[in-house]
Amino acid sequence: MADSAAPYTFSVDLAVVESLGMNLYSNAAAVLSELVANAWDADANKVAIRWNAAGDEITIEDDGAGMTREELNRRYLTVAYKKRDEEGDRSPKFERPFMGRKGIGKLSVFSLAGEVSLYSVKDGEANAFRVRVSELREHIAKKKTYHPVVIPVPDSLPPTGTRIVLRDLNRKRTGVSVTALRRRLARRFDTLGFEDTDPDRFIIEIDGVPVTYEDREDLKRLEYVWYLGMPDLKDFPKPNVKRVWLIKDNVVDAARGWKLEGWFGTVRTPDELNDPEDTQESLRNIIIIARKRPIQEGILDQLDFNKLFGSYVTGQIRAEFLDIDGADDIATSDRQRLIEDDERVNLLISKLRDAFNTAAEDWSAERPKQRFKDLTVKYPIVGDWVENRPESQRDAARKVIGTVAALRLDNEAHRPALYKASILAFERIAIESTTKELQKFADGLFATDVLPLLANARSYEDALYVQILRSRLEAIERLENMINRDELEKVLQKHLFENMWLLDPSWEGATGDADMEISLTRVRRGTLFNKSEAENQKQGRIDIQYRTAAGVHMIVELKKYGRVTTIDELRKQGEKYHEALSEVLRKRNERVQDISVVYVLGQDPKVEYLGEADLEDLVRRQLSHIDGRILYYDKLLDTAQKRYKDYRDRKIDVTALDKVLAALDGEG
């Protein structure tokens, strides 16, 4: 019968062992971290791990203080033994801050092994026992007290310390390579800097080889690093680091002396955070350390900062205020997370978010610059393309290329084509854009904008500036060769009709209409011209051409260079052309408007009486009702020669650009 003064009883079942040991830990590194922490707390100089998982046995042995039988029962075999309450905050020999706190880490071994044997020696007293998980489960089910089995003590035990042997291993959790295990433990303990001669040294050894900073694969892959408060890792291998930053504002709470120390950094590509030796653990992780061991192993998702930057990040940050003497324990049982509503956690997250946002800005600015440098090593000609641009365009061009170089692509083989498309796009924009617009193009160049260029790279090459400029150069060079009058009458007319922009730059997109020209010819010969006029037209003119551009209907008539005409003749001829075109448009149910008649002559037209009037003004007045105008071969050629100089000056640029594209084609 229950005591009436104390009618209720709070009891702890052995099932706690199942919840906090067998089912809590999911990987070998987390379990071994608990055992390494116990060795640290025991003032060990070395903890040696023999990883013979393939042979179904793992041994963890330290040279620490060891335990007597009474201490084994009171400390090790007591679930949730409060070490800091019972023994203080520091180890007795080296005064190390205790890593252990909850008293449940020792239960982690039951998640790895079906059988656990423990041997310990202290003050000449040696003790040993064995726990079989199957037997423990039976006692849990029957709610019976469990007594570990006493086993013989081997002669190989050291004079002091503890050995734990794990057998009947859980293959799912111990199926990790020795290399991967070394890397995991190297990241989880801030104790790798001890020298062999340090009296309080702490060495973690796996299969006889110490775990050192050489096992920190994350350090070897870093490209950019940010230190908090003061430089860290300066004496440790970081062969690929291009630049470091110091975030001086590392104080979390000045009044209480809370601050952050350590580092975080980025790798070149997100894939480098995946370890082929360890598919179960990603290096994309910021480990938060307190008392030289992890107190939270994943905090990135809580920071709410630049996600692109976050996919490149790894790091290790010390935050001692998360585990200070006399304060509440805010680490979860598996020491992989923190209680999120605690003030210290909120301050941590806020400070880290600020630091990461600052770093993300540094990264976004620096990375394209570095990628540009790397690219010019592989493709020096691309660097030459940038440096040979006008000074006002260089920064924008450099940023465009650097941004493309920094893009994350699923298929790296596409990158040369993307460089090519971007260079061509830049060239096209640079034709008419201002420097400000080019910079806007560079600043706004992200993956979503650039990747579509890849699919259209070929169409750009066919239609963009390079091809247009090349054809212009050829047309003007041919025109220059036609300056000789003997050649003018033979080929000039055809050449001009094929390159209407030589007559007027605004006619760049002028198009012909064969049906319209046939209709005009029929109207002209059938109704508008008498027999003598038709014959005269046949003998004295080359031909008319019809073009449209920007909604304007144009009739272009070329006279032979030596042909002499009168203004009256041109006016009458133009009126008939205008009338003929108007008739054709009406028959085609098109609006009759914006019709222009253009004459190309070699000689000035004659007038019966000019007086003091200006010929140009007279021509304008005589032809204005048909929107007529006269162009002269000599003036046309002179203008073309002047333009030719400008285009010829650009020809060197075109040749250089061709070389850049050809170099990239070789890698495409």
**Request:** Give me the pairs, please: first residue somewhere in segment 254-276 and closer than 18 Å to SER350 by Cα, second residue anywhere and outside any loop (DSSP other than H, G, I, E, B) and among the small types (Gly, Ala, Ser), beta-carbon distance under 9 Å, and either six or more positions apart or on two chains.
**Result:** LEU260/ALA355; GLY262/GLY315; TRP263/GLY315; PHE264/GLY315; PHE264/ALA355; PHE264/ALA359
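Table: residues versus (1) acidic (Asp, Glu); (2) more than 23 Å from MET230 (Cβ to Cβ); (3) not in a loop (DSSP other than H, G, I, E, B).
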| site | (1), (2), (3) |
| --- | --- |
| ASP271 | yes, yes, yes |
| GLN280 | no, yes, yes |
| ILE295 | no, no, yes |
| ASP301 | yes, yes, yes |
| GLY315 | no, no, yes |
| ARG344 | no, no, yes |
| ARG353 | no, no, yes |
**Prompt:** List, please: which pairs have Cβ atoms under 7 Å, are six or more places apart or on different chains, and start with a residue in segment 52-76 that is of a type in the set (Phe, Trp, Tyr) and end with one that is surrounded by 15 or more Cβ atoms within 10 Å (Cβ to Cβ) and at pLDDT 90 or above?
**Reply:** TYR76/MET67
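Taking the stated definitions as given, is ASP410 under 20 Å from the mean Cα position of the chain (by Cα) and modelled with pLDDT of 85 or more? I'd like the intermediate steps shown before the answer.
Values: under 20 Å from the mean Cα position of the chain (by Cα): yes; modelled with pLDDT of 85 or more: no.
So ASP410 does not fit the description; no.
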**Test for LEU322: is it in a helix (DSSP H, G or I) and over 29 Å from the mean Cα position of the chain (by Cα)** = yes
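So is LEU581 in the same structural domain as HIS553 (by TED's automatic domain parsing) and touching a residue at least 12 places away in the same chain (Cβ under 8 Å) or not? Spell out how you get there, then give the answer.
Numbers: in the same structural domain as HIS553 (by TED's automatic domain parsing): yes; touching a residue at least 12 places away in the same chain (Cβ under 8 Å): yes.
Yes.
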**Request:** Determine whether segment 318-325 contains at least one residue that is in contact with a helix residue (DSSP H, G or I) (Cβ under 9 Å, 6 or more places away or on another chain) and farther than 22 Å from ALA37 by Cα.
**Result:** no
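Within the group ARG182, ARG173, which residue is under 18 Å from ASN52 (Cβ atoms) and buried (at least 20 other Cβ atoms within 10 Å of the Cβ)?
Details: ARG173 fails: buried (at least 20 other Cβ atoms within 10 Å of the Cβ).
Only one candidate passes the filter, namely ARG182.
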**Prompt:** What number of residues within segment 532-557 satisfy the criterion of being closer than 21 Å to TYR632 by Cβ and modelled with pLDDT of 80 or more?
**Reply:** 4
**Residue among ARG163, ARG137 that is in contact with a helix residue (DSSP H, G or I) (Cβ under 8 Å, 6 or more places away or on another chain) and either of a type in the set (A, V, I, L, M) or surrounded by 12 or more Cβ atoms within 10 Å (Cβ to Cβ) (or both)** = ARG137
**Item:** Scope segment 28-67; condition out of contact with any Ser or Thr (no Cβ under 9 Å at 6 or more places or on another chain) and among the basic types (Lys, Arg); matching residues
**Value:** LYS46
**Prompt:** Is there a residue in segment 142-153 that is closer than 28 Å to ILE288 by Cα and either in contact with a helix residue (DSSP H, G or I) (Cβ under 8 Å, 6 or more places away or on another chain) or not assigned by TED's automatic domain parsing to the domain that holds SER120 (or both)?
**Reply:** no
**Request:** Would you point out the residue of segment 80-99, among those that are modelled with pLDDT under 75 and assigned to a loop (DSSP other than H, G, I, E, B), that is surrounded by the most Cβ atoms within 10 Å (Cβ to Cβ)?
**Result:** TYR81
**Message:** If GLN573 satisfies all but one of (1) under 25 Å from HIS553 (Cβ atoms); (2) in a helix (DSSP H, G or I); (3) modelled with pLDDT under 85, what's the number of the condition it fails?
**Reply:** (3)
**Fill in**
Scanning segment 196-242 residue by residue, those without any contact (Cβ under 8 Å) to a residue 60 or more places away in the chain, surrounded by fewer than 21 Cβ atoms within 10 Å (Cβ to Cβ), in contact with a strand residue (DSSP E or B) (Cβ under 6 Å, 6 or more places away or on another chain) and β-branched (Val, Ile, Thr) turn out to be VAL241
**Request:** Could you list, in sequence order, all residues of segment 106-128 that are buried (at least 20 other Cβ atoms within 10 Å of the Cβ) and in a loop (DSSP other than H, G, I, E, B)?
**Result:** LEU112
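Report yes if some residue within segment 358-371 is closer than 21 Å to GLY265 by Cα, in a helix (DSSP H, G or I), among the aliphatic types (A, V, I, L, M) and at pLDDT 90 or above; otherwise report no. Please lay out each step first, then the result.
Let us first name the residues in segment 358-371 that are closer than 21 Å to GLY265 by Cα, namely 358-371.
Remaining after also requiring in a helix (DSSP H, G or I): 358-371.
From what's left, among the aliphatic types (A, V, I, L, M): 359-360, 365.
Subset that is at pLDDT 90 or above: 359-360.
Yes, because at least one residue in segment 358-371 is closer than 21 Å to GLY265 by Cα, in a helix (DSSP H, G or I), among the aliphatic types (A, V, I, L, M) and at pLDDT 90 or above.
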**Fill in**
In the set PRO159, PRO154, PRO148, the lone residue that is under 18 Å from ASP43 (Cα atoms) and over 48 Å from the mean Cα position of the chain (by Cα) is PRO159
**Breaking point among (1) among the hydrophobic types (A, V, I, L, M, F, W, C); (2) crowded, with 20+ Cβ neighbours inside 10 Å; (3) more than 30 Å from GLU61 (Cα to Cα), for TRP245** = (2)
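For residues that are assigned to a strand (DSSP E or B) and either within 17 Å of PRO210 (Cα to Cα) or basic (Lys, Arg) (or both), tally how many sit in segment 41-57.
Restricting attention to segment 41-57, the residues satisfying the condition of being assigned to a strand (DSSP E or B) are 46-52, 57.
This time we only want the ones that are either within 17 Å of PRO210 (Cα to Cα) or basic (Lys, Arg) (or both), so: 46-52.
Number of matching residues: 7.
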**LEU136, sole failed condition from (1) modelled with pLDDT of 90 or more; (2) out of contact with any Lys or Arg (no Cβ under 7 Å at 6 or more places or on another chain)** = (1)
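Can you name the residue in segment 140-160 that is among the aliphatic types (A, V, I, L, M) and part of a loop (DSSP other than H, G, I, E, B) and is also surrounded by the most Cβ atoms within 10 Å (Cβ to Cβ) among such residues? Even if it seems obvious, please write down each step before you answer.
Taking segment 140-160 first, the residues among the aliphatic types (A, V, I, L, M) are 140-141, 149-151, 153, 157.
Retained after the next criterion (residues that are part of a loop (DSSP other than H, G, I, E, B)): 151, 153, 157.
Values: ILE151: 13, VAL153: 15, LEU157: 17.
Across segment 140-160, the extreme among qualifying residues is LEU157.
I'd like the full set of residues that are of a type outside the set (S, T, N, Q) and at pLDDT 90 or above, limited to segment 156-177. Step through it out loud before you land on a result.
Initial filter on segment 156-177 (of a type outside the set (S, T, N, Q)): 157-159, 161, 163-169, 171-173, 175-176.
LEU157, PRO159, GLY161, ARG163, ILE164, VAL165, LEU166, ARG167, ASP168, LEU169 - these are the residues of segment 156-177 that are of a type outside the set (S, T, N, Q) and at pLDDT 90 or above.
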**Asked** If you check ASP374 against the conditions, is it outside any helix (DSSP H, G or I), over 30 Å from ILE288 (Cα atoms) and within 20 Å of the chain's Cα centre (by Cα)?
**Response** no
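Here are some residues: LYS351, LYS307, LYS292. Which one is surrounded by fewer than 14 Cβ atoms within 10 Å (Cβ to Cβ) and either more than 22 Å from LYS242 (Cβ to Cβ) or not assigned by TED's automatic domain parsing to the domain that holds GLY175 (or both)?
Answer to the check: LYS307.
The values are calculated or read from the model by the stated rules, or taken from the named source; none is laboratory data. In this text the structure is predicted, and so the values were computed from the model without any measurement. As a convention, Cβ positions derive from the backbone with ideal geometry for all residues, glycine included, and neighbour counts pool all protein chains shown.
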